[in-house]
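Written below as structure tokens is the structure these notes are about.
The values are calculated or read from the model by the stated rules, or taken from the named source; none is laboratory data. Because the structure is a prediction, the values reported are computed rather than measured. Don't worry about glycine lacking a Cβ; one is built from the backbone with ideal geometry, like all the others, and counts go over all protein chains shown. Keep in mind that these areas ignore ligands, DNA and RNA; they rest on the heavy atoms of the full protein, side chains included. Shrake-Rupley method; radii C 1.70, N 1.55, O 1.52, S 1.80 Å.
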Amino acid sequence: MTIGGTPVATEEHLLTRVERGLHMPAEAVRYLVIHCSATREDRSYTVQQLRSDHISRGFIDIGYHYYIRRDGTLTQHRRHDEVGAHCRPFNRCSLGICYEGGLDAQGHPKDTRTPEQRTTLAHLLVKLKQQFPNAIIQGHCQMPGATPKACPCFDARKEYRTLSPLS
């Protein structure tokens, strides 16, 4: 596929066979997409489990750029200029941020973010808006044409609509 005269990988290639190093320029980042891990609020879901699950799905590694654990710990898994594998067909123009949780103890969709996750997510989004001021913050479920699901189990667009970068 060619976009703007530049060859780019197909979504299938991005998800299954890409080698580290496929880049997107900073001006390409149009969305900051919030996800949940779709795991129960009463169970831990470690970075190692996330990595294993993504690799078993055919990804080369974790598809998100960031992961936020229940205790607020933030880990980064892709550079900002690396194409993610988190929200077809927007992987080439977005950064993916995932929080641990998203399901109640019975396995139903629920906003399970802890106060620590909320704080970490808000701080991360402020920093990202400094780097990508025109990027729109949306939940996975709010991305047009993306796989229909409840993820991230809250209205990210509404919650962060007034968020702006620090001066």
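Could you list all residues from region 105-139 that are open to solvent by 90 Å² or more (accessible area, probe 1.4 Å), farther than 18 Å from Lys158 by Cα and either part of a loop (DSSP other than H, G, I, E, B) or among the basic types (Lys, Arg) (or both)?
Gln106, His108, Lys127
Could you tell me how many of the residues in region 69-122 are out of contact with any Phe, Trp or Tyr (no Cβ under 9 Å at 6 or more places or on another chain) and hydrophobic (A, V, I, L, M, F, W, C)?
3
Where the second residue is surrounded by fewer than 16 Cβ atoms within 10 Å (Cβ to Cβ) and the first is charged (D, E, K, R) and lies in region 57-74, which pairs have Cβ atoms under 6 Å and are six or more apart or on separate chains?
Asp71/Glu116
Scan region 1-21 and tell me whether some residue there is of a type in the set (A, V, I, L, M), buried (at least 18 other Cβ atoms within 10 Å of the Cβ), at pLDDT 95 or above and in a helix (DSSP H, G or I).
For region 1-21, residues of a type in the set (A, V, I, L, M), buried (at least 18 other Cβ atoms within 10 Å of the Cβ), at pLDDT 95 or above and in a helix (DSSP H, G or I): absent.
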